[in-house]
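Let me begin by presenting the structure, written as structure tokens, before commenting on it.
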Amino acid sequence: MNLLEVKNLNTSFHIGVGVVQAVRGISFDVAEGESVGIVGESGSGKSVTMLSVMGLLPEYADISADSIRFDGREITKLSKKAARAMHGSEIGMIFQDPMTSLNPLFTVESQLTEPLRIHRHMNKAQARQRALELLRQVEIPNPEARLKQYPHELSGGLRQRVMIAIALACEPKMIIADEPTTALDVTIQAQILDLLQHLKQKTKASIIMITHDLGVIASMCTRIFVMYGGVICEQGSAREIFYDAKHPYTWGLLNSIPKVTGKTGEKLIPIKGTPPDMLKPPAGCPFSPRCRYCMPVCRTYMPPLTALSDTHIVACHLTHPKAPKITKGV
């Protein structure tokens with residue numbers, strides 16, 4: 001059963017020089033207890049997609065969708081108060097920069113107990129006890145002392161663990177992790193990913209992992225959505241994306257990952273060019289200006305979604321029977 005279903009989501013930002021078309025008609029779903037990854041370069045629309053679902057964008061953002069359903073309820077028809085209550089208690093979000101997401105003026109205890117008192121109506125003592133349990137759950141040592149500290153007194157890894165604890169506070173059915181390992185060294189990154197994997201198994205919550213690094217979600221997610229230029233250009237199981245990808249952009253992402261079996265001194269292959277200007281997105285495939293396999297039709301027409309299997313879907317003109325046969329993106 002699907003926990004989240006999004007159909008034809010569009011998000012634009014009205015700024016002084018025009019309208020930024022950040023998300024352009026995407027549809028996806030997340031099943032109960034499933035871990036999915038949304039990958040793509042900065043500016044591809046990953047974070048904006050989930051912030052649109054959460055209703056956390058500024059007033060100058062224009063959000064529209066045919067349907068956004070969570071746990072069987074149509075979010076788009078809820079009042080602001082009802083939507084806010086649902087988002088706070090049933091969907092938890094781990095933001096990508098804990099130093100700016102945590103309020104520097106309040107202690108860890110204050111920020112951990114606030115959602116508990118608002119959404120779970122706990123008194124001060126109950127909320128504090130639950131906060132201690134959460135800090136132990138995310139493996140923060142000496143939790144009693146940490147509750148009294150301010151964000152600047154914690155390391156980057158501890159701040160990220162506090163963010164995870166806040167997201168877990170109300171026992172949500174879904175957790176959105178937006179670049180949860182950004183600005184952390186590789187050792188701490190591995191610890192945070194192991195923690196998220198452990199917590200998922202314990203809480204049975206669905207997880208949406210947002211990242212630009214395919215390596216981060218290799219062992220975390222069962223299904224992957226690849227975004228570029230505000231659209232989903234390919235989606236499939238982790239095995240299909242890593243071993244049988246069909247979109248040139250996905251090939252580019254895979255080629256940019258260091259390989260354990262690679263030769264010493266072997267250079268990574270970058271994706272040449274720059275992301276599209278979303279004030280004036282291309283008429284055709286958004287990746288066409290950077291694609292080495294670009295055909296004239298790619299610049300004019302947006303490729304349709306083509307189902308290659310029950311789980312593998314790609315939007316690329318190379319899947320057309322009359323297109324050149326390219327079997328490996330190198």
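Are any residues in segment 153-170 without any contact (Cβ under 8 Å) to a residue 60 or more places away in the chain and not in a helix (DSSP H, G or I), and if so, which ones? Result: Leu154, Ser155.
Which one is nearest to the chain's Cα centre (by Cα) among residues in segment 135-157 that are of a type outside the set (Lys, Arg) and crowded, with 21+ Cβ neighbours inside 10 Å? Top of the filtered list is Val138. Restricting attention to segment 255-264, the residues being farther than 22 Å from Arg292 by Cα and at pLDDT 70 or above number 1.
Screening Lys81 against (1) more than 18 Å from Ala167 (Cα to Cα); (2) touching a helix residue (DSSP H, G or I) at 6+ places or on another chain (Cβ under 9 Å); (3) at pLDDT below 95 leaves a single unmet condition, (2).
Of all the listed residues (Ser110, Ser52, Ser44), the sole one being small (Gly, Ala, Ser), at pLDDT 90 or above and assigned to a loop (DSSP other than H, G, I, E, B) is Ser44.
Among residues of segment 55-70 being assigned to a loop (DSSP other than H, G, I, E, B) and within 19 Å of the chain's Cα centre (by Cα), the one that is nearest to Ile26 (Cα to Cα) is Ala65. Of all positions in segment 19-39, at least one carries a residue that is closer than 30 Å to His121 by Cα, aliphatic (A, V, I, L, M), under 16 Å from the mean Cα position of the chain (by Cα) and not in a loop (DSSP other than H, G, I, E, B).
Considering segment 96-109, and only residues there that are surrounded by 15 or more Cβ atoms within 10 Å (Cβ to Cβ) and polar (S, T, N, Q), the residue that is farthest from the chain's Cα centre (by Cα) turns out to be Thr107. When Pro258, Pro275 are checked against the criterion of being in contact with a strand residue (DSSP E or B) (Cβ under 9 Å, 6 or more places away or on another chain), over 22 Å from Ser35 (Cα atoms) and assigned to a loop (DSSP other than H, G, I, E, B), Pro275 stands alone in meeting it.
Restricting segment 1-17 to residues that are of a type in the set (A, V, I, L, M) and in contact with a strand residue (DSSP E or B) (Cβ under 9 Å, 6 or more places away or on another chain), which is modelled with the lowest pLDDT?
For segment 1-17, the residue satisfying everything is Met1.
Residues that are modelled with pLDDT under 90 and either crowded, with 21+ Cβ neighbours inside 10 Å or small (Gly, Ala, Ser) (or both) within segment 161-191 comprise Pro180, Thr181, Ala183, Ala190, listed in sequence order. The residue that is surrounded by the most Cβ atoms within 10 Å (Cβ to Cβ), counting only those in segment 204-238 that are of a type in the set (D, E, K, R) and not in a loop (DSSP other than H, G, I, E, B), is Glu234. Flag set for Lys7, criterion: assigned to a strand (DSSP E or B) and among the charged types (D, E, K, R).
The values are calculated or read from the model by the stated rules, or taken from the named source; none is laboratory data. Model, not experiment: these values are computed from the prediction. For neighbour counting, all protein chains shown are included, and Cβ atoms are generated from backbone atoms with ideal geometry for every residue, glycine included.
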